[in-house]
Amino acid sequence: MDSTESFPAGTILGMRVRILFFGILKDIVGRSEELVNVEPDSTIGSLFDAYSAEFETLRDKRPSLLFARNREFVKPDVKLADNDEIAFLPPVSGGIGEAICPPEGHIFAITRKPIDSQALARRVQRPEDGAVVIFEGVVRNNTNGRQTTYLEYECYEQMALEQMKRIGLEVATQFPIGCLGMIHRMGKLQIGEASVAVIATAPHRRSAFEAALEGINRLKREVPIWKKEFFADGALWVEGEWDEKLIQDSTGHGAP
C-alpha cells in the first residue's frame, strides 16, 4: 500500500482507493482521509492489516470496528475495486444534508445549526394525527461525576443520512404511525443544547411513543456518528457500541 495525493502525468497505477478515518481512529493515524494505491485482489481486511502494521494501537481496536465500502457495511474479506471509498468505523456513540421521503412525508436530517424540534414537528404532523411525540437528547454537564465543558460530534455524513433514512422507514412500517422525523446535530455543542431529536406523529399516542423510542435506540446503535467529550482536564472519544445485528451481518459472528 502506497499513500499518495497526486500523480505525475502519464503515471500508470494499480487500484486507487480513498480511506476515511473517524472518531478515535482519526487521532491514531493523524488524518481523516487519504488516497492509497493497493494491489489487485486486496481486501478491506488486508488494507486494515497494512495500517495496523504501521499503527499498533489501531490493531487493538480491531475487535470493535466495522467497515464500509461505498457507504454500505461489508465484511472484511470483500475485495477492493478501483475508486472505492473505504471507511474504518469505530463503535458509534451516537457537512449537512436532509432526506425527505414522499409521499409518506418522513424527514431525516443532519445539521450544524441548533435543532428546532417544534419546527420539525410542524413539518411532519398531519391533520389526522392525534399524537405528536418529541424526544430530544441534550448535552449534560457531567459523565460519571466528571464535569463536562462541551461536546463535539462528527459523522460519516452521506452514510449517516442513508442509515437514518433506512432506520426511519423500517420503524414506520413496524408501528402504525403517520410520519417520523430524525435530526442530529454536528460540531461543537454546549451544555443544555439538543444533539438529536426524534419526532413521531400518529393517530394515537401509544404507537407514537413506541416509534420514537425505537427510532432513537436504533439511531444510537446503527448510525455512524461519534462523540468527543471535553473536560476541564482533557478530552476523550466516547466508546459506544454497534448494534449486534450489524456486527453479525458485517463479520459473520457476534460480539466478542
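The values are calculated or read from the model by the stated rules, or taken from the named source; none is laboratory data. No experiment lies behind these values; they were computed from the predicted model shown. Because the Cβ atoms are built from the backbone with ideal geometry, glycine has one as well, and the counts that use them run over all protein chains shown.
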task: Can you run down the residue pairs with Cβ atoms below 8 Å, 6 or more apart or on separate chains, where the first is in the range 193-218 and under 24 Å from TYR153 (Cβ atoms) and the partner is hydroxyl-bearing (Ser, Thr, Tyr)?
output: ALA194/SER117; SER195/TYR153; ALA197/SER117; ILE199/SER117; ALA200/SER207
task: Only one of these is closer than 30 Å to VAL124 by Cα and either at pLDDT 90 or above or outside the structural domain of GLU128 (by TED's automatic domain parsing) (or both): GLY105, GLY14, GLY30, GLY10. Name it.
output: GLY105
Complete set of residues in the range 30-62 that are assigned to a helix (DSSP H, G or I) and within 18 Å of ASP84 (Cβ to Cβ): ILE44, GLY45, SER46, LEU47, PHE48, ASP49, ALA50, TYR51
- prompt: Do we have any residue at all in the range 95-102 that's over 17 Å from MET164 (Cβ atoms) and out of contact with any strand residue (DSSP E or B) (no Cβ under 7 Å at 6 or more places or on another chain)?
  reply: no
- request: Out of THR149, THR173, THR201, report the one residue that is over 17 Å from ILE216 (Cα atoms) and among the polar types (S, T, N, Q).
  value: THR149
